[in-house]
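Structure, as structure tokens:
The values are calculated or read from the model by the stated rules, or taken from the named source; none is laboratory data. The model shown is predicted, which means the values in this text are computed figures rather than measured ones. For neighbour counting, all protein chains shown are included, and Cβ atoms are generated from backbone atoms with ideal geometry for every residue, glycine included.
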């Protein structure tokens with residue numbers, strides 16, 4: 001999507017994803033500057049992620065460029081001195097783009113024929129285009145009557161599920177659809193500054209009614225036949241969707257007791273069994289381990305849900321279920337085909353944030369997120385193994401080099417940062 005201002009020779013390029021509050025806030029700031037802003041969704045154009053990482057050395061979004069000058073993320077933008085921001089705006093207005101400008105998607109919808117920006121923008125095929133075509137050919141999409149109203153180009157949840165069950169890998173597709181639907185809702189009800197969500201507005205949006213109809217079909221999912229990759233993608237997507245659904249129904253928890261109740265109460269009926277947020281995280285994705293403040297494992301030996309649990313804890317899920325406070329991983333919906341590389345990217349993005357990991361070379365100390373304290377068993381169980389795990393999962397950066405230096409000096413002290421619950425909302 002581009003915002004166009006006649007007369008400017010350059011452009012501001014923002015790499016973002018849907019549903020990221022930091023991206024929304026950055027774009028609101030940029031659009032007030034009176035320069036062309038090109039918004040590239042790397043959730044759709046994942047082929048640009050590698051190039052973006054090469055250019056910036058970062059995994060988080062947003063990443064912002066004024067012509068070829070890399071400013072950084074939203075926090076970097078907000079901290080710019082007024083005179084520095086004005087210098088960058090002047091640069092975009094007066095300097096033409098060079099050949100090494102940050103890349104736009106292939107088949108670029110912002111081509112500039114004859115030196116003018118083509119305003120007739122063509123939408124690119126997104127990841128669900130093929131699915132929609134399949135639905136049309138199968139006759140699933142048609143006309144639905146509800147009461148006195150006729151809805152064209154629509155389908156019922158049962159029609160969709162019947163189609164999915166006929167050889168379409170139903171669980172993975174259904175979790176993708178649900179996650180995308182609620183993420184789109186979330187994005188549309190996010191305030192312009194990215195700081196608040198109108199959950200009440202979301203709950204009366206007609207699109208939410210369709211979401212609820214489809215969520216009911218989770219009852220019919222066959223979980224036992226899922227592969228490890230399908231299980232990971234399915235339960236991460238469902239967990240992240242259920243958190244937003246829970247916020248809409250109950251509001252966001254504000255203290256420890258409310259959080260305990262929220263994660264132990266908010267649930268979906270999946271494959272004939274109830275799964276709370278706690279059951280999904282600790283029972284399924286952590287291989288049936290005790291969670292915070294839990295006295296026993298989520299699933300007993302006779303619990304049928306135990307058959308669904310992963311054989312062991314997958315430590316990378318903590319970064320797919322939790323978003324860093326100052327920058328999001330460039331993935332919002334997980335797919336079975338790419339799950340392992342997506343999880344590694346989410347971990348790199350999380351560790352990039354200073355509210356997840358700070359290396360103090362002077363004191364030979366490493367400050368880590370509370371997540372590493374709460375789930376230390378998942379990361380090896382000792383400080384030494386934990387630090388080795390963190391080092392192995394950081395992207396190449398000055399921070400990683402500092403951590404390597406601190407570790408080779410020996411006797412590294414580990415402390416844990418206070419956890420900002422307010423930042424860990426449902427994005």
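Mind listing just one residue for me: the one in segment 329-373 that is in a strand (DSSP E or B) and touching a strand residue (DSSP E or B) at 6+ places or on another chain (Cβ under 6 Å) and, of those, surrounded by the fewest Cβ atoms within 10 Å (Cβ to Cβ)?
Result: 365.
So residue 48 ticks every box in (1) in contact with a strand residue (DSSP E or B) (Cβ under 9 Å, 6 or more places away or on another chain); (2) closer than 21 Å to residue 100 by Cα; (3) at pLDDT 95 or above but one. Which box is left unticked?
(3)
Look through segment 264-278, keep the residues that are under 21 Å from the mean Cα position of the chain (by Cα) and part of a strand (DSSP E or B), and return whichever of them is surrounded by the most Cβ atoms within 10 Å (Cβ to Cβ).
Result: 268.
Output the residue which, of all residues in segment 98-117 that are over 31 Å from the mean Cα position of the chain (by Cα) and at pLDDT 50 or above, is surrounded by the most Cβ atoms within 10 Å (Cβ to Cβ).
Ranking the candidates gives 98 first.
The rows are residues; the columns are (1) in contact with a strand residue (DSSP E or B) (Cβ under 8 Å, 6 or more places away or on another chain); (2) modelled with pLDDT under 95.
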{"position": "386", "(1), (2)": "yes, no"}
{"position": "389", "(1), (2)": "no, no"}
{"position": "393", "(1), (2)": "no, no"}
{"position": "396", "(1), (2)": "no, yes"}
{"position": "413", "(1), (2)": "yes, yes"}
{"position": "417", "(1), (2)": "yes, yes"}
{"position": "421", "(1), (2)": "no, yes"}
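Can you run down the residue pairs with Cβ atoms below 7 Å, 6 or more apart or on separate chains, where the first is in segment 222-246 and not assigned by TED's automatic domain parsing to the domain that holds residue 267 and the partner is assigned to a helix (DSSP H, G or I)?
none
This table checks each residue for (1) farther than 18 Å from residue 345 by Cα; (2) at pLDDT 90 or above; (3) surrounded by fewer than 21 Cβ atoms within 10 Å (Cβ to Cβ).
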site	(1), (2), (3)
7	yes, no, yes
29	yes, yes, yes
44	no, no, yes
66	yes, yes, no
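Quick check on residue 210: is it outside the structural domain of residue 18 (by TED's automatic domain parsing) and under 20 Å from the mean Cα position of the chain (by Cα)?
The answer is no for residue 210.
Listed here are the residues, each with its yes/no results for (1) within 15 Å of residue 284 (Cβ to Cβ); (2) in the same structural domain as residue 20 (by TED's automatic domain parsing); (3) out of contact with any strand residue (DSSP E or B) (no Cβ under 9 Å at 6 or more places or on another chain).
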position	(1), (2), (3)
215	no, no, no
218	yes, no, no
253	no, no, yes
257	no, no, yes
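Considering segment 49-85 alone, what residues qualify as being without any contact (Cβ under 8 Å) to a residue 24 or more places away in the chain and at positive phi?
72
Would you check which residues across segment 374-404 are part of a helix (DSSP H, G or I) and either touching a residue at least 60 places away in the same chain (Cβ under 8 Å) or surrounded by fewer than 12 Cβ atoms within 10 Å (Cβ to Cβ) (or both) and list them?
374, 377, 378, 379, 389, 392, 398
Residues 281, 229, 213, 222: which one is surrounded by fewer than 16 Cβ atoms within 10 Å (Cβ to Cβ), touching a helix residue (DSSP H, G or I) at 6+ places or on another chain (Cβ under 9 Å) and either assigned to a helix (DSSP H, G or I) or modelled with pLDDT of 95 or more (or both)?
Answer to the selection: 213.
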